[in-house]
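The structure under discussion appears below in the form of structure tokens.
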Amino acid sequence: MPIILIVLLVILAVILLFWFSFNILGWLLMLIVAGLVGWLADLIVPGRLPWGWLGAILAGLVGAWLGVAILGAWGPSLAGISLLPALLGAIVVAFVVDLVAKAMSRGRVA
């Protein structure tokens, strides 16, 4: 009886290990795709996103959420991100961030 329990626990541990590994890999792929979408939006919109790649990833993730919420999930999808709505949403996010950054810099006195 204890051998069966040990075998079942080992099988459960292996299943959980693979599940966590693939789940982490999925998250990493999603962050890479979001970073590329945010970077592309940063190239399209005049101005620069703050925080470099972190800002691009954030713009890509927020843009993907915004784009799918407004336009729906259509077009090609990669790593759980619908590329066309994500790009349109990331362009909107990059544009708004650029406008806010310009407005904040005008209000400062040197």
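Bear in mind that the values in this text are calculations on the coordinates, not laboratory data. Note that the coordinates shown come from a computational prediction; the quantities given were computed from them, not determined experimentally. We place every Cβ from the backbone using ideal geometry, glycine too, and count neighbours over all the protein chains shown.
Residue pairs whose Cβ atoms lie under 6 Å apart, separated by 6 or more positions or on different chains, with the first residue in segment 52-79 and touching a residue at least 12 places away in the same chain (Cβ under 8 Å) and the second in a loop (DSSP other than H, G, I, E, B) and of a type outside the set (Asp, Glu), are Gly55/Leu49; Ala56/Leu49; Ala59/Leu49. Against the test of being loosely packed, with under 15 Cβ neighbours inside 10 Å and touching a residue at least 24 places away in the same chain (Cβ under 8 Å), the options Pro46, Pro2 yield a single qualifying residue, Pro46. Selection within segment 66-110: residues that are hydroxyl-bearing (Ser, Thr, Tyr) and surrounded by fewer than 19 Cβ atoms within 10 Å (Cβ to Cβ). The member of this set that is farthest from Trp39 (Cα to Cα) is Ser105.
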